Amino acid sequence: MKILIVDDDDLVCKSLKVLLSREKDMEVIGTALNGAEAINACRKELPNMVLMDIQMPVMDGIQATRQIKSEWPDVHVMMLTTFKDEKNIRLAILAGAAGYLVKSTEVKSMSQKIRALVSGSTVLDADVLKQLTQPVGREELEQLTPREQDIAALVAQGLSNKEIAEQLYISEGTVRNTLSIILEKVQLRDRTQLAIYYLKNN
């Protein structure tokens, strides 16, 4: 697995490179100090995984993630940041990030979560997940964002993630991640329950 580390703190980059390089199945192919450098690094040596900070000069992590997922949809992006506010979490996921961890995550746990993300799972730090699962009251569907409502409606119509992505002109990964947020918001287990719930309430 080839990993690119992106953080405007050079010490963070170097430390993570040393620690993750100890994992037998991981190779850190490079580091970048901002989003623009990250995109250039992807062009030179395409990684499987990008560990991406959010707040950086020149180009922030949200913008970089959006462009990386647009040009290389198969590249996995894991946000690694100190920010745990709901706005940044949602922006990152909508940009195409499939994971969101805080920098205090232990390296052993981080490496496990990287593997899980590459295998297709959505990875959210416990503190991050807590931000997305606050009680939303009795009118949950009304509190979904317009994009979340669009996806819920298409799920209720029986469309697959791929079909939803094609209809809304977004990536399949964004559909999957947004669907996870919707399920947490309305406190349901799976898309079947969501479809039934949506049809009953519309």
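The values are calculated or read from the model by the stated rules, or taken from the named source; none is laboratory data. What you see is a predicted model, and the numbers here were worked out from it, not measured in a lab. Counting neighbours? That spans all protein chains shown, and the Cβs are built from the backbone with ideal geometry, glycine included. When the accessible area is computed, the model is the full protein with side chains, heavy atoms only, and any ligands, DNA or RNA have been set aside. Shrake-Rupley method; radii C 1.70, N 1.55, O 1.52, S 1.80 Å.
Of all residues assigned to region 94-116, at least one qualifies as being part of a helix (DSSP H, G or I) and under 22 Å from Ala36 (Cβ atoms). Scanning region 138-161 for residues that are under 24 Å from Arg66 (Cα atoms), free of Cβ contacts under 8 Å to residues at least 12 places away in the same chain and assigned to a helix (DSSP H, G or I) yields Pro146, Gln149. Total residues in region 21-53 satisfying the condition of being open to solvent by 10 Å² or more (accessible area, probe 1.4 Å) and either on the phi > 0 side of the Ramachandran plot or without any contact (Cβ under 8 Å) to a residue 40 or more places away in the chain (or both): the figure is 16.
Within region 88-114, being within 23 Å of Lys14 (Cα to Cα), at pLDDT below 85 and buried (at least 20 other Cβ atoms within 10 Å of the Cβ) holds for one residue alone: Gly99. Of the residues that make up region 64-87, is at least one open to solvent by 60 Å² or more (accessible area, probe 1.4 Å), among the aliphatic types (A, V, I, L, M) and either at pLDDT below 85 or outside any helix (DSSP H, G or I) (or both)? Looking for residues that are open to solvent by 60 Å² or more (accessible area, probe 1.4 Å), among the aliphatic types (A, V, I, L, M) and either at pLDDT below 85 or outside any helix (DSSP H, G or I) (or both), one finds none in region 64-87, hence no.
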